[in-house]
Each structure stands twice: as structure tokens, then as C-alpha cells.
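**Q** To start, I am sharing the structure in question, which I have written as C-alpha cells.
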Amino acid sequence: MATHAENSYYVPHGSKWPIVGSLGMITMLASAAGWMNGSATAQWTFWLGAAILIFMLFGWFGTVIRESEAGMYSEQVSGSFRLSMSWFIFSEVMFFAVFFGALFYVRALVIPWLGGEGTGASTNEFLWQGYTPAWPTSGPANVGGDFQTIPAFGIPFLNTLILLTSGLTVTLAHHALKKEHRNQLVLWLAATVALGFTFVYFQVYEYHEAYTQLGLTLGSGIYGATFFMLTGFHGMHVTLGAIMLVVIMIRSMKGHFKPDNHFAFEAVAWYWHFVDVVWLGLFVFVYIL
Amino acid sequence: MSTEVIHPDTHHVDDGHDHGDHKPSNFLDRWLFTTNHKDIGTLYLIFSLTMFFIGGSMAMVIRAELFMPGLQLVEPDFFNQMTTMHALIMVFGAVMPAWVGFANWLIPMMIGAPDMALPRMNNWSFWILPFAFTMLLSTLFMDSGGPAAGWTLYPPLVLQTGTSFAFVVFAVHMMGVSSIMGSINIIATIFNMRAPGMRLLRMPMFVWTWLITAFLLIAVMPVLAGAVTMLLTDHFFSTNFFNAAGGGDPVMFQHIFWFFGHPEVYIMILPAFGVISEILPTFSRKPLFGYGSMVYATATIAFLSFIVWAHHMFTVGMPLQGELYFMYATMLISVPTGVKVFNWVSTMWQGSMTFETPMLFAIGFVVLFTIGGLSGLMLAITAADFQYHDTYFVVAHFHYVLVPGSVFALMAATYYWLPKFTGNMYSEKWGKIHFWSSAIFVNVLFFPQHYLGLAGMPRRIPDYSPQFADFNMISSLGGFAFGATQLIFVGVVLHCAYRSKVKATPEVWEGSRGLEWTLDSPPAYHSFNTPPVVTHNALSRAD
């Protein structure tokens, strides 16, 4: 029986990173809860927890990258990574599905019911007579006050083009990697990163407009809630994806990845396509319709 | 029915420094930094047993308060905290981690893998839990007390929770992260780490049921995370998801919660189905009846679990078409479940059965779980549910499927595999005492609650009308006895691990089949470093 990496499954023996991660996570989340309850010290321990988590990510991923570059991972280990990334993305899909589901449920059922539709629903009759169902809405009590929405065919459409283009550039980077064109690989990755951060910049700009010019805030009834939670979580994912792209760009510059073995690259590319697809859903259901 | 497992005679390990039974000698290395599936499995099992007793002591408080009508021992608000925390602890802290513990111990040995696919992430999945539950339990000592709105966390009531609210939400997030990572690991292990010849339809039923459970977990834990995130933003960041004045809807939370919640109940029971399907064939000395149909039935149950959620909320005011749809869809589940019960009974039919403790718990499971299933069918009838909803009938129903269901299966699994884990036989005498007292007292505890519920006693209320006094007293007495009985279990486990003089053979049981029984008892710290080659039906359940 062979004893080198190609034929056996690498089982690491002991790691301190998980417990560091747990300590960072509990520090960060318990502090977040304390912060929400108005604790002054928790504001600072929150960042401490976040720092521990980031330290853990550097340490853990660093270990994995070193092991990978040392050739300790067989094809089978790579298979485990692929499966895990795919199922992780599936869990992310389900997370976004909740907020899309809330949007659909509200628009298809809740708003008409509040307007008096349906048999047996008497909320309209007793509480909000005269409320005419409409979308967008801040509800029968106009919670958060009047607001305007962001037109789909302005910045959002531009952002759609930006993300779609970035999906193309990351694919071009992948082809360059497969053909061992290192310069092109780094170049296309840099373009993808730039497009990603441009997208984030426009989102921040748009949020600023919404809050200062349009009166649209997180508290603007159910429209504000679904709008900002969907686009906000998506924006966080784009930011995270762009940071991941930066990491693989630096690794590409250092000469990592081989034409036939570059799981980390693929994982980031899958993730990037995933945030791209979510955006298309957002553009259609949040901005256009 | 041939079973052939070829063990390659050259044993090697991949990195050369961890031979055979070599365990880390340092305590921190062994338990805190561990990447070994057996050690992580042990950690999960010890953690869940601890939580079982913490959650159980809360149940004792509840039953003590309900021993007599009138307010006796605790304040109503504290009573509500006990019902809420009891459920959260038992669901997320006791039953789910216990199954993950068995998955960790057994799946690599059952499929001939050297370890779980991602050993470091396996460690993290576990070591999030003690922190999450410390945070959750700490809320009991906060000025507002713990959460008191029920484990379902329905708004608007839950939004009135004080200081503890954000801590509870983040504790739930941490449990979700742990479950998702654990499930991803299990799926990657099953799909990627099977020994040559261990085809999907040769896998033991426990592996199959866990594969499907892991899928359910990855699909619905993010849904729970989204639901509690909306609660958090409604409470702290002025969103209006569950506020009708702002165009939201409190009932929407119930829909989202139960889209998670219904698959969740199968998450707690499917691995139990797997365990029972392992144990019954062994002690009946027959292969499992209808292996293929068991696999398909499990998958069907998992599929149906996504489309029946609103049967938890029939009285909330849904359109009639919705009520009818959810009623019929729910009733469909009895078909694959019926297939399973039929197969279990047929497995025992004409077998040369013996009644060791795991078998007793398994048979107890089949009978008592079926009672819980049948009361579930009664609850599925929309019109009838208007009477049963939020009464003790519901409490009796889900405790029948969870206690003599999931928990009995956990006990059965413990007795069945403990000799494999420890290398020693447990005390059969004390195991049987544990079974019979559990089986009797669990019925004394929960059966009267059916009558209480049918007579209209509401759940989650610390006081009741004097007409309910007798059955409540019987139920409480059964509860105290059932709780005390579980101390026997701890005694049997500790005795088996540390005191028992009777060594277990590799096979342990006369009728046992499967890869884990080809290993020594206890197995080496690293088993199957070189995958065995599984020819024919090493599983020997399917033929």
C-alpha cells in the first residue's frame, strides 16, 4: 500500500483554531447582545471578539493553504472540500429564501388581507378601515412615514451590469488559470475585485440617497424592512466575496494554484456566481416588480 | 447472505506519527484540540446527557408546579421560563447533539472511513455548543429572567422579552452554525469517504437516515436563523416584519418558524428510525425487512416534511383551502411512516428473538412511537384540531414521539453500541431495570395528558381547574419517577465504562452485522486508516 498523499486521506491531528474561533464567536455575539441592551463596555468587547475571529480565520486558512501547497491533500480531500462548499452555498440559498419568502408572503397575502380581501379576515374592518392595499407600502399606520423608492433603471441596473460583468471576468480568470497564463489570471481577478467593490460603493451610495433624500429607511414599514434586509444581507455577501477574491488574487500572485488543482479558486468563483444569482433575484423582485 | 470484508494486512497511517491506539496524553490535546471522530462523538454524548439532566430538572419544576391546582411553588413567569427553556434545551441541547454524537462515532466505522471528512471543522461544530448553551442558560440569571414566550418564540409576545432577548437570539444562531457545519461534514463524509464497495444502497440504515437528516438540517437551520434575525431587527432596529401596522404580519413568523419546525421534528426522529432499523435485525437474527423501501420511505418523509408546516397553526386563521391542503398533505406522511412500522414488525416476524436491553428499548420504541404517531393523525384532522390545539393533548402527542420515541432510541443505541465504544459489557440486569421502569413511568407520565387535553386543559399555564387535579397528580408522580429512573442510566453507563469486568467481543452481539463489528471492542483510536474492501453485502441488511 502506498503511503504518500495521493493514496491516503489526510487526517489532521489536533488543531487549536476551532476553540479560538468559538471564543471569538461567543465574545462577539454576547457583546453584540450586551451592546443592543445598551452596555458601554460591550461595544469594545464586540470588536475584540471580531478581532479574535479574524485572527482565527487567518490562522486556520493559513494552515490549510500551507498544507495544500505542501501537497498533503489527495484528490479525495479535494472532493470533501468541494462537497462542503456546495452544501454551504445551499445553506446560504436557504437563508436568502427566508427573506424572499417573507417578501412574497407579504405582497401576495398580507397586504391584500390588510386591505380587507379574503373571507373571515376582519382586521381591515375593525382596525384599518380605509386602508387601500398597494405596493410599496409602509402599512396601514404608515410606520416610518412617507418615502420614495429607488428606480430600478438607474444605479440598480448599473449594478446589475457590473455584477454580470464580474461573473464574466472571474470566468476569464479561471480559463487563464487553466491555461497557465499567470498574468492574465491576476489581471482578470483584479478586474473582478474592482467590479465587486464598485458594486459595494454604489450600494452604499444608494443607501445614503435612500436615507437622506427619499425618506426610505429600515423602519419604513414592511417595504423598508424587506428592501434593506434583502439588499443589506446581499451587500454583506458581496463584500465577503470580494474579500475572498482579494485573497485568491494575492495567492495567484504568489504562484499558488495549478491548472488541475485549485479548489480555493473554484470555491470563491462559485460563491461569486451565487451572489450574482441572488442579485438577479433582487433586481427582479425588489427593484423592478 | 454472505458477508465478506477484506482487511488489507498492511496497516499504515498517513502522517506517520499516530500509530494504532496512540492517543494524545495531554488533556487539552485530547479533548479541546481533538480532531478524532470518536473523541468528538464522546464529547457530544457527554454534553447531551448533561443537557438532558438540566432540561429534565426544568421538567421536574413544571411537574411539581402542576402537581396540584393553584399556584404552589413558582411564579407564573418563572413557570413560563421553565417551559420555554426545557424545550430549547431538550431539542437543541439534548436530542440533536446526542444524534450527532452517535453519527460521529458510528458513520466513519460503518462506512469504513479513517475519520470524518473535515476533522477540524468537526471539532468546531462541537465546541460552539457549550458556549451557546452557557449563554442561553445564563439568561435565567438576568434581571428579566430567561425567555418565557415558548420555544416557538412567537411574536409579538417574544418581543416583550427583556434583557435576555438578544442573548437567546444569538444562542440560537450559534446552535444553527454548529448544526450546519456538523451536517455538511456528515454529508461530505457519507458521499466521499465510503470504503470501496460500500455502495449507497449497501449503507447501514443509520447512515442513510443521517444522510437525509443532514440534508434537512442544512435546508432548515438557515430558515430558523432568518426568522430569529427578523425578530431581532423588529426588536432593536425598527423593522416591521411582524407588525401589522407597518404592513407586516405576526402570523408570517409562524409560517417561517414552522417551515423550519416541521422538518426539525424529523431531524430528531429520523436517526432514531435508523437506530431501530439496526437493532431489530440483530436481535431478531434476520435481515431488515424491506431495506430499499426503508430508504425510500425515509426520503419521502423528508420531502413531505417541507410541505406540511401549517398543520401547527390550523387555528390561526388561514383560508379554508390552506387548511384542507395542509390536512391532506399531513395525512400523507402516515403512508411512509406506516411502511416503516410494517417493516419493523415484519423484521421481527418469525425471527429467533432475544430480549437484551437494546432490543427492549427498540420494541418499546416501535409500540410507543406508534401511539404518538396515531395521536398525530388525530391532530392532523383540521376540524378536530380546533378542539385539541394548544391543549395537553398536543403535549402528550409530541412527548410520545420524542421521549419513548427519540429518547428511547437514544437509550437503545447507547446500550447497543456502548460495549463497542468501551470494550466492556454493561450490566444486563440494571439495563433491564432501567428499561422497565422507564417504559412504565413514561406512560404514567404522558398517557393521562391525553385525557387532560381532550377535556380542555391548556398547555403552558401554571394553574388549572380542579377537575384536572387527579390526572395531573398521576402525571407528576410518573414524571418524578421517570426522572429518577434516568439516574440508573447514568449508573449503568459509568459502571460499563469504568467498572465492568466483562469484556466485549468484536461482534458483541450474536446477530450483529456491519463494518463496525469487524473492529475490536473498543476500536483502535484510528480505525480504517486503510479502507476495507467491501465485497458482496457487508451490510447484510439488504438481502
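**Q** Per residue, how large is the accessible surface of segment A:85-288? Use a 1.4 angstrom probe and give square angstrom. Don't jump to the answer; show the numbers that get you there.
**A** Working: 9160 Å² over 204 residues.
Here the residues of segment A:85-288 average 45 Å² of exposed surface.
**Q** Considering all alpha-carbon pairs of segment A:212-289, what whole percent are spaced by more than 18 angstrom?
**A** On the way: 1606 of 3003 pairs.
Tail of P(r) above 18 Å: 53 percent of Cα pairs.
**Q** Next up: Could you pull out which residues in segment B:163-199 have an amide N less than 16 Å from a spot 7 Å beyond the Cα of B:V533, following the Cα-Cβ vector?
**A** In segment B:163-199, the label zone of B:V533 (backbone N under 16 Å from the point 7 Å along Cα→Cβ) covers B:195-199.
**Q** While we're here: Quick check: with the 1.4 Å probe, what order do A:K258, B:K501, B:K429, B:K340 take by accessible area, largest first? The partial results should precede the final answer.
**A** Working: A:K258 105, B:K501 170, B:K429 135, B:K340 0 Å².
Accessible-area ranking of A:K258, B:K501, B:K429, B:K340, largest first: B:K501, B:K429, A:K258, B:K340.
**Q** Roughly how many nanometres apart are two label points built 7 Å out from the Cα toward the Cβ at B:T505 and B:M68?
**A** It works out to 5.7 nm between the two label points.
**Q** If R₀ is 56 angstrom, what is the calculated FRET efficiency for the pair A:K254 and B:K429, using the beta carbon separation as r and rounding to 0.05?
**A** On the way: r = 65 Å, r/R0 = 1.17.
Calculated value: 0.30.
**Q** Cα-based Rg (one decimal) and Dmax (whole number) for segment B:265-362, in Å?
**A** Here Rg and the maximum Cα pair distance are 16.6, 53 Å.
**Q** Please express the Cα-Cα pair-distance distribution P(r) of segment A:85-288 as a list of whole percents, one per 5 Å bin, running from 0 to the bin with the greatest distance.
**A** So the P(r) values, bin by bin, are 1, 7, 14, 16, 15, 13, 10, 8, 6, 4, 3, 2, 1, 0, 0.
**Q** Over its Cα atoms, what ratio of radius of gyration to 2.2 N^0.38 Å does the protein assembly as shown give?
**A** Details: Rg = 27.6 Å, N = 832, 2.2 N^0.38 = 28.3 Å.
In units of the globular-protein estimate, the protein assembly as shown measures up at 0.97.
**Q** Modelled label-to-label distance, B:R285 and A:V277, 7 Å Cα→beta-carbon offset: nm?
**A** Taking the simple label geometry, B:R285 and A:V277 are separated by 5.3 nm.
**Q** Decide, for segment B:336-482, between rounded, prolate and oblate: order the square roots of the alpha carbon gyration tensor eigenvalues as a ≥ b ≥ c, take rounded if a/c falls under 1.5, and otherwise choose prolate if a/b is larger than b/c, else oblate. Intermediate values should be presented prior to the final figure.
**A** Working: a/c = 2.89, a/b = 1.60, b/c = 1.80.
Taking the square roots of the gyration eigenvalues as a ≥ b ≥ c, segment B:336-482 is oblate.
**Q** Rg to Rh ratio, segment B:56-187, alpha-carbon atoms and Kirkwood radius? Please list the in-between numbers first.
**A** Details: Rg = 17.6 Å, Rh = 16.3 Å.
Checking Rg against Rh, the ratio lands at 1.08.
**Q** Sticking with this one: Rounded to two decimals, what is Rg over Rh for segment B:181-326 when you use alpha-carbon atoms and the Kirkwood radius?
**A** Expressed as Rg/Rh, it is 1.10.
**Q** Of the heavy-atom accessible surface of segment A:1-155 (probe 1.4 angstrom), what whole percent is carbon and sulfur?
**A** Numbers: 5110 of 7820 Å².
Exposed carbon and sulfur together represent 65 percent of the surface.
**Q** What per residue convex hull volume, in Å³, do the alpha-carbon atoms of segment B:426-543 yield? Working shown, then result.
**A** Details: hull volume 22.8 nm³, N = 118.
Dividing the Cα hull volume of segment B:426-543 by its residue count gives 193 Å³.
**Q** Can you pull the three principal axis extents for the Cα set of segment A:113-187, in Å, largest first?
**A** Extents along the principal axes: 70, 27, 18 Å.
**Q** Mind checking the angle between helix B:76-88 and chain B's longest principal axis? C-alpha axes, 0 to 90 degrees, to the nearest 10.
**A** That works out to roughly 30 degrees.
**Q** Modelling each spin label as a point 7 Å along the Cα-to-Cβ direction, I'd like the B:S25/B:A484 distance in nm, to one decimal.
**A** For B:S25 paired with B:A484, the spin-label model returns 4.6 nm.
**Q** Specify the angular offset, from 0 to 90 degrees and rounded to the nearest 10, of the alpha carbon long axis of helix B:428-454 from the longest principal axis of the alpha carbons in chain B.
**A** Compared with the principal axis, the helix lies near 20 degrees.
**Q** I would also like to ask the following. Could you state how much accessible area B:S144 has, in square angstrom rounded to the nearest 10, with a 1.4 Å probe and all protein chains kept in place?
**A** Surface accessible to solvent at B:S144 totals approximately 40 Å².
**Q** For chain B, state the average projected area of the convex hull of the C-alpha atoms over all orientations, rounded to one decimal in nm². Mind dumping the intermediate values first?
**A** On the way: hull surface 99.0 nm².
If you wrap the Cα atoms of chain B in a convex hull and average its projections, you get 24.8 nm².
**Q** Nearest 100 Å², what total accessible surface is buried between chain A and chain B (probe 1.4 Å)? Provide the component values of the computation, followed by the final result.
**A** Values: alone 16360 and 21100 Å², together 31690 Å².
Approximately 5800 Å² gets buried when A meets B.
**Q** Here's a follow-up. Would you mind checking the tilt of helix A:263-282 against the longest principal axis of the Cα atoms of chain A, expressed as 0 to 90 degrees and rounded to 10?
**A** Between helix and principal axis, roughly 10 degrees.
**Q** Something else about it: Equivalent-ellipsoid semi-axes (√(5λ), Cα gyration tensor) for segment B:24-125, whole Å, largest first?
**A** On the way: eigenvalues 284, 34, 19 Å².
Three semi-axes, in Å: 38, 13, 10.
**Q** Under a 1.4 angstrom probe, counting protein chains only, how are B:S293, B:S521 ranked by accessible area, largest first?
**A** Working: B:S293 45, B:S521 20 Å².
Accessible-area ranking of B:S293, B:S521, largest first: B:S293, B:S521.
**Q** Here's something else I'd like to know. What is the ratio of the Cα radius of gyration of segment A:1-73 to 2.2 N^0.38 Å, with N the residue count, to two decimals?
**A** Relative to the rule-of-thumb radius for its length, segment A:1-73 sits at 1.59.
**Q** Let a ≥ b ≥ c be the square roots of the eigenvalues of the Cα gyration tensor of segment A:1-136; is it rounded (a/c under 1.5), or, if not, prolate (a/b larger than b/c) or oblate?
**A** Values: a/c = 5.13, a/b = 1.92, b/c = 2.68.
Verdict is oblate for segment A:1-136.
**Q** For B:D470 and B:W436, what is the calculated FRET efficiency with R₀ set at 25 Å and r taken between the beta-carbons, to the nearest 0.05? Before the final figure, lay out the partial values.
**A** Working: r = 25 Å, r/R0 = 1.00.
Computed FRET efficiency for B:D470 and B:W436: 0.50.
The values are calculated or read from the model by the stated rules, or taken from the named source; none is laboratory data. Note that the coordinates shown come from a computational prediction; the quantities given were computed from them, not determined experimentally. Methodologically, a virtual Cβ is constructed for each residue, glycine included, from the backbone with ideal geometry; neighbour enumeration extends over all protein chains shown. Side chains are part of the model used for accessible areas, which takes the heavy atoms of the whole protein and leaves out ligands, DNA and RNA. Shrake-Rupley method; radii C 1.70, N 1.55, O 1.52, S 1.80 Å.
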